[in-house]
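Peer 1: One structure, as structure tokens, below. Some questions next.
Just so you know, all these numbers are worked out from the coordinates, no wet-lab data involved. In this text the structure is predicted, and so the values were computed from the model without any measurement. Cβ: placed from backbone, ideal geometry, glycine included. Neighbour counts: every protein chain shown.
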Amino acid sequence: MRLSGRLFSRILAVFSWVLVGAAFAQSTNLKAYRYGNAYYVSARDVAKYYGLGPDALDVASRSEYKTSFGQLQLEADSREILVNGVNHWLSAPILATRDRLWIGELDILKTLAPVLHPEQLRKRGVSIRTVVLDPGHGGADRGTRGRSSFEKVMTLDLANRVQRNLLAAGVRVVMTRTSDTTVPLEDRVALTKAKGADLFVSMHFNSGGTAEGIETYCLPPAGASSTADPRADGGDRDAVPSNRFDEQNVWLAHCTQRAVLTATRAVDRGVRRARFYVLRYATCPSILIEGGFLSSPTEERRILQTDYREMLAKGIADGILTYKKTLETTPGLVGASDRIK
């Protein structure tokens, strides 16, 4: 059973918790129950709806559903969920009550649905022609610093490599900077709008002690807090213009994170949510990639290797191209590349 495009779009346009609960239950035949200030649907019902088979674990605090077409792994009280091989951070922790695990309704609409049924995102006439690549920092803003590297240098090198991959695939690429210059965030967004870009991809490297791994960020949906906010109900929860791309954002983030992990075998730190300026005000679907931790001596050594940066760049390009193919391909083929092996 799948949502029709019209009903799905109508549901996603509703941000009121109460109205969402009523519309969601009516359109999907899934029962949503109110706990506290939010609505939840049992993970068992979600898995059945998406054809993911029975729970393979039969453990009260954890569940795993997996078929050749989809996968969910979830744990009580955690904001992390594994969806089709990629770790995603949810808006609300998994709820454990009535001998079941429950997933927040907003997370089903804004995370699970786009990833498990990306064909719902395809619209007639959509074409991904122009991609803006945004090497983070530059000029006076050097970004984070490793023992032997500056973020601004590594992001420009990475963006140039991604550009070569995309150009070879016939995609038009616009760079927000091509040299070591300072580019205000406002100008990066303005350039994206002026060029009529179809996608915006910002590239950065991380800092955080000895932590390692790759993160891909997209904008939180209205009503949800950022991943970094320890309170599931905290933070800036108001809608912003770029929330109209919520479903495309998370699918682009998923495609890219998965392709990068496949290319590099790096630690999966997940698809995360943040209200970075360039994500809030982007005029097209947008993501921000943290390609590893320069603060980690081990990971910095990998990033400094040309071959590794080439793998990282290929992963980013492959993710963008998978997203492009999904939105442009013919019915019946959509989503095939995202099946679980």
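Peer 1: Here is a list: A313, A239, A263. Which entry is at negative phi and buried (at least 22 other Cβ atoms within 10 Å of the Cβ)?
Peer 2: A313
Peer 1: If I filter region 177-196 for residues that are farther than 30 Å from D238 by Cα and under 19 Å from the mean Cα position of the chain (by Cα), do I get at least one hit?
Peer 2: no
Peer 1: Would you mind finding the one in T181, T176, T144 that is β-branched (V, I, T) and either in contact with a Lys or Arg (Cβ under 7 Å, 6 or more places away or on another chain) or buried (at least 21 other Cβ atoms within 10 Å of the Cβ) (or both)?
Peer 2: T176
Peer 1: Going through A239, A313, A266 one at a time, which residue ends up being part of a helix (DSSP H, G or I) and among the small types (G, A, S)?
Peer 2: Selected residue: A313, the only one of A239, A313, A266 that is part of a helix (DSSP H, G or I) and among the small types (G, A, S).
Peer 1: Can you name the number of the only condition in (1) assigned to a helix (DSSP H, G or I); (2) polar (S, T, N, Q); (3) crowded, with 22+ Cβ neighbours inside 10 Å that S202 fails?
Peer 2: Against the list (1) assigned to a helix (DSSP H, G or I); (2) polar (S, T, N, Q); (3) crowded, with 22+ Cβ neighbours inside 10 Å, S202 comes up short only on (1).
Peer 1: What number of residues in region 95-121 are over 17 Å from the mean Cα position of the chain (by Cα) and more than 17 Å from K31 (Cβ to Cβ)?
Peer 2: Result for region 95-121: 1.
Peer 1: Follow-up. Considering (1) among the β-branched types (V, I, T); (2) within 23 Å of T329 (Cα to Cα); (3) in a helix (DSSP H, G or I), say which one T155 fails and leave the rest.
Peer 2: Unmet condition: (2).
Peer 1: Among the residues of region 269-310, write down those that are touching a residue at least 24 places away in the same chain (Cβ under 8 Å) and part of a loop (DSSP other than H, G, I, E, B).
Peer 2: A274, R275, F276, Y281, A282, T283, C284, P285, L294, S295, S296, L304
Peer 1: Considering only region 53-70, state which residues are touching a helix residue (DSSP H, G or I) at 6+ places or on another chain (Cβ under 9 Å) and either touching a residue at least 60 places away in the same chain (Cβ under 8 Å) or among the charged types (D, E, K, R) (or both).
Peer 2: Across region 53-70, the qualifying residues are D55, F69, G70.
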